[in-house]
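Remarks on the structure that follows.
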Amino acid sequence: MPGLRRSWTAAALLLGAAVAAATAAVAEDRFKPGRFPPDPAIEARIDALLAKMTLAEKVGQLRQGGWSPDFDLGQARNGVIGSLTNADDPFAIAAIQKAARESRLGIPILLTHNTVHGFRTLFPVPIGLAATFSPDLVEEASRWAGHEASAAGLHWTLGPMIDVSRDPRWGRVVEGPGEDPYLASRMAAAQVRGFLRGGIMASLKHYVAYGAAEAGRDYNSTEVPTHLLRDVYLPPFKAGVDAGAQSVMAAFNALNGTPATANAQTLRDILKGEWGFDGFVISDWDSVWELINHGHARDPADAARKAILAGLDVEMAGDMFKDTLAGEVEAGRVPLVRVDDAVRRVLRVKFRMGLFDRPDPDPAAAAAELLTPAALATARRAAQESFVLLKNTDGVLPLAAKGRRVAVIGGMAASPSDHMGSWGANGRQEDVVTVLAALRKRLGADTTVDFAAGCDGKCETREGFAAALETARQADIIVAVLGEPWYMTAEGTSRTRLGLPGLQQELLEGLVATGKPVALVVFGGRPMTITWAAEHVPAILYAWSPGTAGGLALADVLTGDADPSGRLPMTMPRHVGQIPIYYNHLPTGRPPTADHYSSKYIDEEVTPLYPFGHGLSYTSFAYGQPKLSSATLRPGETLTVSVDVTNTGTRPGREVVQLYVRDLVGTKSRPVRELKNFVKVALQPGETRRVDLALPMAELAFHLDDGKALVEPGSFRVFVGSSAAATLSAAFELVDR
Ligand code: BGC
């Protein structure tokens, strides 16, 4: 029932009523999530095509071009590229596809785009989606993203990005699921499933351990021992493959000295061998050429040969395959069977995605599928559920604004691009209702909303401070919208200082000094060291880059029409010097105590500012004692941990009930806590609900240095509560038999 595309004002009106219907039906699911079963008919059609293809045409299938307005359609017509990225205009896409179908063998082209958190309707940036702790909602958001991209003629997205990262200095944490492998795996599967249901295939990126970049510096090398690779960095990729991802993107980084683009261990042995992945592997942008910079290849031919022999199938953007691959095959240095296997993988995906059998979408019909009220309603709900209420003292939130004067301070409050976030795909600024516009409308005529920017996102000058402070002094309540502008939280934006950018902190201090109640809304894509704010500002709402409907969602939450129910997908440090700081660390021989010779700092706390999983609600929750289905379990069995959760406040709210486990003694030391399940429950005031959390014993597996998985009998302790600092616990034994 895709609705009509509407202007944002009309959409905003409609949304007032539509939020509850956020899961309104999109067109029927296009593809079934999960691994595609082997299909002999497809393989036979591939055999027939391969038999007709020249070596040049085969190499063409292994090349992905980049679209720009001066793109030469001859490339598609001559079959020299098998896929293309960056085109987002439905008419341009249709013209490219038409040209490809006119090529000698009529092989259609795979069209892709970075639909990372939406196509035209933008959802919160992926770290915000992870903060929802709601895989169902994230699947629904991805389904809309897939539906819109597919309506535009795309088949594929260069996402989801599922790099676990323990380092907020790395700007790309904004694109990912945060620090935890279990949450990341749930988010990976949810996004892949949603994209497929919406009509596009996913490309899991960046394979693998890109998020472990040394010193948080983008593109830097990573050193990750085998057991950690398998326990922390690989699981989301395995989950994504099992959910039906059809391509995997090799990362820019070197992993233990071998660039991921030419890493036979991860590409050929683990991904294709162990996991039986039968889609294709694509490089990242020009990363085959970068093998030369890595010091791993001598020249373009060496780079192309090393990449394809290691298991890479398609080169994105570069010319290494175009210029050298045929020569390498003719010289016998690259076996033709490897090239044929790579081409087969690309063609298999084209068949699976229906490119040979389904009519291409009508570009004139695309607009009606974009930015529909139902997609916007999902975006609004996803944003509401992504906001993390870090603290709320003195009842500052929700705003008691009626009939009073509210000062909104901070340039980002009125900046559509900072609501949209990086990788804005086909999103448009005019689609966005900013938080300033939304608050003005929501609070109505009897409430005055004054605005002063103070400064823009970078905040390099104090020029606007005096006016902003004067506006604040005139107000009863201050809403400060500060944090990272979108371009500081994206690819290539590693930071060594993680405080509020520029002079923002000084502006904030001035606002607090007015003595008026301040609610701080933080935009951004990573945990920042907002330690001063945590001590001095009564209410802090972490809002990420909230997307097209993010301003409306902020108005919902700030005014109390909706409850904030996001939880931190990454630990928030007090100071950059604590990084890497993550909750699932190993114990030490000298845990931090008052003793000088214990594992701590002499100049800073060892604890985080806010732990992983933390987030408040406008109501409060109480937990009963967790009960176990059994105190003794055998391998293959599943423990159920049950806990009564009560809404003890006066408002409805959502709690994320989290289950952590600790393996007390192991062949290798095990982390102090590991997230193993979570459930988001909506509770009315006074309501108590029994929440059952399953813990399959197979989830207790960990890896040894040689990569072998082990589920080890012994004593375990589970912790249940509302963050990684949960204290309620119970013990069980895993016995041999
Ligand atoms: C990024 C990828 C992205 C690609 C194509 C690269 O720079 O690392 O995540 O998909 O560009 O836009």
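What's the carbon and sulfur percent of the stretch 229-360's accessible surface, probe 1.4 angstrom, rounded to a whole number?
On the way: 2030 of 4200 Å².
After summing per-atom areas, the C and S share lands at 48 percent.
Quick one: which of 475-481, 452-458 comes out on top by average Cβ neighbours within 10 Å, and what's the full order, highest first? Could the numbers behind the result be given before it?
Details: 475-481: 24.9, 452-458: 22.7.
Put in order of decreasing packing, that is 475-481, 452-458.
Can you tell me the order of 561-573, 39-51, 525-537 when each peptide is scored by its average per-residue count of other Cβ atoms within 10 angstrom, highest first?
Numbers: 561-573: 26.3, 39-51: 13.2, 525-537: 20.8.
The packing order, highest mean first, is 561-573, 525-537, 39-51.
Taking 0.36 nm per residue of separation and subtracting the Cα-Cα distance, what length does fully extending E214 through T226 add?
Numbers: separation 12, 0.36 × 12 = 4.32 nm, distance 1.67 nm.
So the extension gain works out to 2.7 nm.
Could you tell me how many degrees, from 0 to 90 and to the nearest 10, lie between the Cα long axis of helix 135-151 and the main elongation axis, the longest principal axis, of the Cα atoms of the chain?
50 degrees
Assigning unit charges at the beta carbon (Lys, Arg +1; Asp, Glu -1) and nothing else, what dipole magnitude in debye, to the nearest 20, does the chain show about its Cα centre? Provide the component values of the computation, followed by the final result.
Details: 75 positive and 82 negative charges, 214 e Å.
Roughly 1020 debye for the chain.
Between helix 90-101 and the chain, what is the angle of the helix's C-alpha long axis to the longest principal axis, kept within 0 to 90° and rounded to the nearest 10?
Approximately 20 degrees, to the nearest ten.
How large, in percent, is the carbon and sulfur part of the accessible surface of the stretch 579-674 at a probe radius of 1.4 Å? Walk me through the numbers before you get to the answer.
Working: 2590 of 4950 Å².
Within the stretch 579-674, the accessible surface is 52 percent carbon and sulfur.
Please sort by residue number the trypsin sites (Lys or Arg not before Pro) in the stretch 275-362 whose DSSP state is loop and whose Cβ has at most 15 other Cβ atoms within 10 Å. If you can, show how the numbers build up before the last one.
Values: sites: R298, R305, K306, K322, R333, R338, R344, R345, R348, K350, R352; in loops: R298, R333.
Passing both the DSSP loop test and the Cβ count: R298, R333.
Give the separation of the Cα centroids, the stretch 43-97 to the stretch 530-607, in Å.
46 Å
List the lysines whose Cα lies under 27 Å from the Cα of K627, skipping any in the same chain that are fewer than 8 positions away.
Within reach: K676, K680.
Can you give me the solvent accessible area of V681 with a 1.4 Å probe, rounded to the nearest 10 Å²?
The value for V681 is about 10 Å².
What figure, in Å² to the nearest 10, do you get for the accessible area of H585 with a 1.4 Å probe and non-protein molecules left out?
Using a 1.4 Å probe on the heavy atoms, I get roughly 80 Å².
For a test of the definition: using alpha carbon positions, the gyration tensor, and the 1.5 limit on a/c, classify the stretch 189-281 as rounded, prolate or oblate. If you can, show how the numbers build up before the last one.
Numbers: a/c = 1.97, a/b = 1.62, b/c = 1.21.
Because a/c hits 1.5 or more and a/b exceeds b/c, the stretch 189-281 counts as prolate.
Restricting to DSSP loop positions (anything but H, G, I, E, B) with no more than 11 other Cβ atoms inside 10 Å of their own Cβ, which chymotrypsin sites (Phe, Trp or Tyr not before Pro) remain in the stretch 578-674? Present the calculation step by step, with values, prior to reporting the outcome.
Values: sites: Y582, Y583, Y597, Y601, F612, Y618, F621, Y623, Y660; in loops: Y582, Y583, Y597, Y601, F612, Y618.
Counting only loop positions with at most 11 other Cβ atoms within 10 Å, the chymotrypsin sites (Phe, Trp or Tyr not before Pro) in the stretch 578-674 are Y597.
For a protection proxy built on the mean count of beta-carbon atoms within 10 angstrom, sort 156-169, 540-553 highest first, please. List each step's numbers first, then the result.
Details: 156-169: 27.0, 540-553: 30.6.
Per-residue mean Cβ counts within 10 Å order the peptides as 540-553, 156-169.
Leaving out ligands and nucleic acids, and using a 1.4 Å probe, what accessible area per residue does the chain come to in Å²?
On the way: 26000 Å² over 737 residues.
Per-residue accessible area for the chain comes out at 35 Å².
By how many degrees, 0 to 90 and rounded to 10, does the Cα axis of helix 181-198 deviate from the longest principal axis of the chain?
Rounded to the nearest ten degrees, it is 60.
Heavy atoms of the protein only, probe of 1.4 Å, neighbouring chains included. What is the accessible area of L105 in Å², nearest 10?
Surface open to solvent at L105 totals about 40 Å².
Using label points projected 7 Å from each Cα along Cα→Cβ, tell me how many nm separate T648 and A367, to one decimal.
With each label point 7 Å from Cα toward Cβ, the separation is 5.6 nm.
Counting DSSP beta bridges with both partners in the chain, what percentage is antiparallel, nearest 5? Intermediate values should be presented prior to the final figure.
Working: 47 of 89 bridges.
Of all bridge pairs located within the chain, approximately 55 percent are antiparallel.
In sequence order, what are the phi-derived ³J(HN,Hα) couplings for the stretch 641-655 according to the Karplus relation 6.51 cos²θ - 1.76 cosθ + 1.60 with θ = phi - 60°, rounded to whole Hz, with x for glycine and proline?
Going residue by residue, I get 9, 10, 8, 8, 10, 10, 7, 9, x, 10, 10, x, x, 10, 10 Hz, with x marking Gly and Pro.
The values are calculated or read from the model by the stated rules, or taken from the named source; none is laboratory data. Note that the structure is a prediction, hence the values are computed from the model and not measured. Every residue, glycine among them, receives a Cβ derived from its backbone with ideal geometry; neighbour counts consider all protein chains shown. Note: accessible area is taken over every heavy atom of the protein model, side chains too, but ligands, DNA and RNA are not part of it. Shrake-Rupley method; radii C 1.70, N 1.55, O 1.52, S 1.80 Å.
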